[in-house]
Amino acid sequence: MTTAQTAPPPSMRLRELVFGAACAAALRASARLGIADALGDSPMSVADLAAAVKTEPRPLRRLLRALSCYGVFAERPDGTFAHTDMSRLLREDDPHSLRNITLWCTEPWTWDAWPKLDEAVRTDHNVVEDLYGKEFFTYLNEDAPESATVFNRAMTTSSEQSARDVAAHLDLSGSTSVADIGGGQGHVVASLLDKYPSMHGSLLDLPRVIDNALPRLRDGDLAHRARIVPGDVRALVPVKSDVYIIKNVLEWDAESTARTLRNVIEAGGPGSRIVVIENLVDDTPSMRFSTAMDLLLLLNVGGAKHTTESMVGRLTEAGLVIDDIRPVNPYLHAFDCHVPG
């Protein structure tokens with residue numbers, strides 16, 4: 001472990017940070033090659049790993065050695081490599097897998113956009129529209145469908161991993177219906193329907209997204225209590241419900257965020273409950289990740305991760321009354337609101 005005595009001097013640390021792209025690229029390469037999946041519980045030689053993932057041994061060793069400097073894989077004295085707690089998170093079958101998140105944060109468009117961060121900071125305008133001539137999600141769905149698929153998988157992974165925490169956090173015992181707005185495949189609404197056996201739920205998201213809604217919601221054990229609704233939450237929310245969940249959605253530009261909140265408020269009407277769940281840039285345990293994602297949002301949609309203060313501002317400007325703000329887990333906070341009568 002690095003100590004005050006062994007920590008690199010500022011000049012070396014800055015050099016390491018400048019080469020941060022190399023680390024990101026190494027993680028992406030590892031995820032695409034499936035190295036973590038090929039490496040089992042026992043250490044493996046580079047030759048055996050190379051045969052398993054169909055690479056040349058010498059450059060594979062260089063990749064593994066670079067990653068091991070960050071605690072992703074570990075090189076043993078005999079030259080074999082073993083898993084670490086972090087490298088296991090790159091496995092597809094790990095229950096806490098971050099493989100899809102790793103791929104999403106290093107998709108090809110990100111390498112086009114990051115060099116223009118200074119421009120985005122100067123203008124407070126996203127650069128993706130200038131790069132590709134169209135709005136970000138339009139570009140993804142029309143010109144980069146493979147990247148759109150990676151995005152959907154990453155959002156599904158994130159939602160799946162946090163859905164149980166959200167369900168455990170929320171007390172919906174006085175409600176009969178819940179709507180998951182921009183809810184991806186529907187992990188949050190499914191967890192809530194599991195918790196409340198008499199409740200009905202709706203899932204609203206873009207058609208391409210809900211085409212992959214959980215089978216449980218579509219034609220499985222929850223189908224009789226679930227409604228799947230295609231649509232763009234920024235245009236219309238055609239769902240009437242007691243409670244609306246908006247999780248990791250309000251990160252667009254200010255106008256899109258305001259429009260989405262307005263649509264939800266209009267759909268619910270006075271007395272409806274709206275729970276907004278976000279990870280915040282003033283949320284200390286996840287600061288490095290959330291601030292990096294904040295900059296990425298600046299680049300692609302002109303949006304932003306929120307501070308507690310900015311989130312409160314958005315919600316109150318929309319006309320909501322905030323009843324409670326509490327952490328859901330170490331990286332998510334819930335803003336529990338209602339539409340005043």
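A few points about this structure:
- Extension gain, VAL312 back to ALA22 (0.36 nm per residue minus Cα-Cα distance, nm): 100.7 nm
- Cα pair distances exceeding 22 angstrom across the stretch 1-116, given as percent: 38
- Relative contact order [Cα under 8 Å, 6+ residues apart], the chain, whole percent: 12
- Violating pairs (Cα-Cα greater than 26 angstrom) within the set LYS116/LYS247; LYS134/LYS305; LYS54/LYS134: LYS116/LYS247; LYS54/LYS134
- Mean silhouette area of the chain, derived from the convex hull of its C-alpha atoms and averaged over all directions, reads 19.7 nm².
- Euclidean distance of C-alpha centroids, the stretch 172-209 and the stretch 37-58, integer Å: 42
- In this simple spin-label model, placing a label point 7 Å from the Cα along the Cα-to-Cβ direction at both LYS134 and GLU119 gives a separation of 1.9 nm.
- Long-range amide H partners of SER202 with built H, under 5 Å: VAL178, ALA179, ASP180, ARG227
- Label-point separation, ALA74 to SER198 (7 Å along Cα→Cβ), nm: 5.2
- Taken over the stretch 77-135, the percentage of Cα pairs per 10 Å bin, counting from 0 up to the bin with the maximum distance, is 19, 30, 21, 21, 7, 1.
- Relative contact order computed over the stretch 10-91 (Cα-Cα under 8 Å; 6+ residues apart), in percent: 30
- Only DSSP H runs of four or more residues enter the estimate; each adds -39500 (n - 2.57), and after division by the residues of the chain the mean residue ellipticity at 222 nm equals -13500 deg cm²/dmol.
- Computed from the C-beta positions of MET12 and ASP282 and an R0 of 30 Å, the FRET efficiency is 0.55 to the nearest 0.05.
- Gyration tensor (alpha-carbon) shape descriptor, the stretch 151-256, a/c threshold 1.5: rounded
- Part-to-part distance (alpha-carbon centres) for the stretch 258-287 and the stretch 88-150, which is given in Å: 23
- Antiparallel bridge percentage (DSSP; both residues within the stretch 155-338; nearest 5): 40
- DSSP beta bridges in the chain [antiparallel fraction, %, rounded to 5]: 45
- Calculated on the alpha-carbon coordinates, the convex hull of the stretch 188-341 measures out at 117 cubic angstrom per residue.
- Charge dipole (the stretch 10-91, unit charges on Cβ, about Cα centre) - positive-most of ALA25, HIS83, ILE35: ALA25
- 12 Å reach of a label modelled at ARG225, 7 Å along Cα-to-Cβ, counting backbone N of the stretch 179-209: 189-202
- Cα lying deepest toward the dipole's positive end in the chain, options VAL321, VAL46, PRO340, charges on Cβ: VAL46
Every number in this text was worked out from the coordinates using simple rules, so none of it is lab data. Here the structure is a predicted model, which is why all the values come from computation and not from measurement. So basically every Cβ, Gly included, is an ideal-geometry build from the backbone, and we count neighbours across all protein chains shown.
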